1. Between Thr122 and Glu71, what is 0.36 nm times their sequence separation minus the Cα-Cα distance? Round to one decimal in nm.
2. Calculated FRET efficiency, His115 and Asp39, Cβ-Cβ r, R0 30 Å, to nearest 0.05?
3. Using the number of other C-beta atoms within 10 angstrom as an exposure proxy, rank Lys85, Lys33 with the fewest first.
4. Points 7 angstrom from Cα along the Cβ direction at Met84 and Phe14: gap in nanometres?
5. Taking Cα atoms, how many degrees apart are the long axis of helix 54-69 and the longest axis of the chain, rounded to 10 and kept between 0 and 90?
6. Would you please put 128-136, 98-106, 37-45, 65-73 in order of how densely packed they are, using the mean number of other Cβ atoms within 10 angstrom per residue and starting with the highest?
7. Rg and Dmax in Å for the chain, alpha carbons only: what are they?
8. With an 8 Å Cα cut-off and a minimum separation of 6 or more residues, compute the relative contact order for the chain in percent.
Amino acid sequence: MDPTTLGLPHRPPFLFLDAVTDLEPGTSARATKTFDPADPVFAGHFPGAPIVPGVLLTEALAQLAGIAVAEPGARYLLSAVRLMKFPRAARPGELLLLTATVQSRLGPLRQCAVHATVGSETVATGEIVLSEWTAPA
């Protein structure tokens, strides 16, 4: 599924999901992402041995969490990143499998467990907290 048809407001060059492969609205979502080795960011992020910046992995997982919470008409902002760990570097060109599972809801807040793998290896894991965004009047 195209992430832009699932309520995600992001667009290139700041869209970090290629396809949503599974969605249980309000419960969980899965997606894929392959960062293009030709992206200019990799020329300066460990030249000669580029890795995907943790902040970009975290943003991809936050975008997926926004899809997982799946509440019609609602938009969410990233409010907190908790316990994020990167046990193995992700490299441009690798196929990332991303998962977001809704853990709790409290008023305008939604907490999701997030996980990213390359093959059977974890490259990122943690928790993302989103808050419902209200457009300025």
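1. Extending this stretch completely gives an extra 15.5 nm.
2. 0.85
3. Ranking Lys85, Lys33 by Cβ neighbours within 10 Å, fewest first, gives Lys85, Lys33.
4. Taking the simple label geometry, Met84 and Phe14 are separated by 1.5 nm.
5. Tilt relative to the chain: about 30 degrees.
6. The most tightly packed comes first, giving 65-73, 98-106, 128-136, 37-45.
7. Final numbers for Rg and Dmax: 14.6, 48 Å.
8. 26 percent
Each reported figure results from applying straightforward, stated rules to the coordinates on display, with no laboratory input. None of these values were measured; they are calculated from a predicted model. Here Cβ is always computed from backbone atoms with ideal geometry, including for glycine, and neighbour counts include all displayed protein chains.
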